[in-house]
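The values are calculated or read from the model by the stated rules, or taken from the named source; none is laboratory data. These figures come from a predicted structure and were not determined experimentally. Because the Cβ atoms are built from the backbone with ideal geometry, glycine has one as well, and the counts that use them run over all protein chains shown.
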Amino acid sequence: MRFKALGDLARPAPREIRTANLPEKVIITDFARDKAFLVSELVQRVHNAAYEWYGFTLGERKNPGLIVDVGLPGNDANKENYTSTSPEGIAAYQETLPPGLIINGWLHSHGELEHRDFSLVDEVNQATVLDYVTSLLMIPVAQKEVIIEDLALLVMGEEEPLAEAPPPSLKEAQDAGQASPTPASVTLLTDVPVTRARLLETVYGGFCFAIVIGDEGWTQQEIHYKTRGILTGETRTSRRPADLTVVTSGKFLTSLDQEALELEVKERLRPVAYTLEKLERG
Ligand SMILES: [Zn+2]
């Protein structure tokens, strides 16, 4: 028994049931925000220059939607003309973190540059970070109907017996041509006769935050999303501009924290010739 079960039903769009929401706002603690701006200050003080640097925003694994810290990896790529990051670099930094902490986004500075938005260069970096973060954070976000135009519903034991002989060669199969029926795109075998069926797949989703800051104190944020259907592999990416919400953490940068950060800025960030403007406006 075979019929165009799903094709016969008039439905405008596949059914989708949300099971979790990904963040719609960028929420950061006062500690993490202050630390980001302190890095920019230290860059000017230590290196006597304002230049771009990048770091990762960090969240707790059990609450990845809140940025609680900013981590400073070695900005090796600063020897190029712009900040850039690689999957290997991100993974290497993640390995230095305590188990409860994960990278949940990318934060970088435009220094003194009056470009208060993301550039094309930034988009490439954000896509790299999004891929990495999404692989860490695959949250089941929806149950979505899989539309199958040609679904065969068969009862177990009553299906046409599978050939005992080895399968025909490609040429033999082509020669048989119209004679043999084309198999359905999906066959569902059940223990009782079924006349209608719908398939729902779990859609997993992840996100990453993107923040750019300037020495004058401005910030700009986006959230990037990626979802993937477990059965169909259908992958979607999107992004949205988002406000920055700062929450009080009760945690402050102590003088010890500041000294440690100054050392990191000395060791991990290297000044580059200031040829960024053209690239970032690109
Ligand atoms: Zn940028």
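Go through region 149-192 and count every residue that is surrounded by 13 or more Cβ atoms within 10 Å (Cβ to Cβ) and either modelled with pLDDT of 90 or more or not in a loop (DSSP other than H, G, I, E, B) (or both).
9
It is to be established whether one or more residues within region 56-70 are touching a helix residue (DSSP H, G or I) at 6+ places or on another chain (Cβ under 7 Å), more than 17 Å from Glu267 (Cα to Cα), assigned to a loop (DSSP other than H, G, I, E, B) and within 13 Å of the ligand (Cβ to nearest atom).
Checked against the condition, which is being touching a helix residue (DSSP H, G or I) at 6+ places or on another chain (Cβ under 7 Å), more than 17 Å from Glu267 (Cα to Cα), assigned to a loop (DSSP other than H, G, I, E, B) and within 13 Å of the ligand (Cβ to nearest atom), region 56-70 yields no hits at all.
Looking at region 178-227, which of its residues are farther than 26 Å from Ala50 by Cα and aromatic (Phe, Trp, Tyr)?
Tyr204, Phe207, Tyr225, listed by residue number.
How do the strands (runs of 3 or more DSSP E) wholly within region 215-254 filter down when requiring 3 or more residues that are more than 19 Å from the chain's Cα centre (by Cα): which remain?
244-247
Being more than 14 Å from the ligand (Cβ to nearest atom), among the charged types (D, E, K, R) and free of Cβ contacts under 8 Å to residues at least 60 places away in the same chain is the filter here, so list the residues in region 101-143 that pass it.
none
Go over the candidates Glu267, Glu262, Glu277 one by one and state the one that is assigned by TED's automatic domain parsing to the domain that holds His108 and at pLDDT below 85.
After applying the criteria, what remains is Glu277.
Can you run down the residue pairs with Cβ atoms below 8 Å, 6 or more apart or on separate chains, where the first is in region 88-99 and within 11 Å of Gly74 (Cβ to Cβ) and the partner is part of a helix (DSSP H, G or I)?
As it stands, the answer is Gly89/Asp76; Gly89/Ala77, since those pairs meet every condition given.
May I ask you to list the residues in region 117-134 that are more than 10 Å from Glu222 (Cβ to Cβ) and in a loop (DSSP other than H, G, I, E, B)?
Ser119
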